[in-house]
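Asker: What follows is a single structure, and I will ask about it in a moment.
All of the numbers you see were taken from the coordinates with simple rules; none came from a lab. Please read all numbers here as calculations on a predicted model, not as lab measurements. Positions of Cβ are generated from backbone atoms using ideal geometry, with glycine treated the same way; all protein chains shown enter the neighbour counts.
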Amino acid sequence: MEWKKAPAELVDFIIEKMKDKNCDYKEMFGYPAYFFNGNMFVGVHGEELFLRLSEADTVEIMKGIKGVSAFEPMP
């Protein structure tokens with residue numbers, strides 16, 4: 001599997017959106033990831049932004065927004 005580098009615009013976008021949030025920042029595989037109470041909830045993986053949502057929110061967003069898919073770093 002080929003590893004795709006994250007676009008600088010995506011990295012800049014998430015850093016800007018998260019800069020004033022009450023959470024912890026760490027790099028995962030060289031890219032931004034954010035944690036709350038030790039749980040990762042948003043980050044960058046390859047060319048994509050990922051969010052950790054409740055099951056109900058996941059179902060709702062996947063049927064309501066085009067281009068959203070389940071996070072699968074390694075099929």
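Asker: If TYR25 meets every condition in (1) exposed (fewer than 10 other Cβ atoms within 10 Å of the Cβ); (2) aromatic (Phe, Trp, Tyr); (3) free of Cβ contacts under 8 Å to residues at least 12 places away in the same chain apart from one, which number is that one?
Answerer: Only one criterion is unmet by TYR25, namely (1).
Asker: Something else: Restricting attention to the range 47-62, which residues are in a helix (DSSP H, G or I) and of a type in the set (Asp, Glu)? So that I can check it myself, show each step before the final result.
Answerer: Keep residues of the range 47-62 that are in a helix (DSSP H, G or I), which gives 55-62.
Passing the criteria: GLU55, ASP57, GLU60.
Asker: Another question, if that's okay. Before we move on, is VAL44 touching a residue at least 24 places away in the same chain (Cβ under 8 Å), part of a strand (DSSP E or B), under 21 Å from SER69 (Cβ atoms) and not small (Gly, Ala, Ser)?
Answerer: yes
Asker: For the range 29-39, what are the residues that are surrounded by 13 or more Cβ atoms within 10 Å (Cβ to Cβ) and either assigned to a loop (DSSP other than H, G, I, E, B) or under 13 Å from the mean Cα position of the chain (by Cα) (or both)?
Answerer: Of everything in the range 29-39, those that are surrounded by 13 or more Cβ atoms within 10 Å (Cβ to Cβ) and either assigned to a loop (DSSP other than H, G, I, E, B) or under 13 Å from the mean Cα position of the chain (by Cα) (or both) turn out to be TYR31, PRO32, ALA33, TYR34, PHE35.
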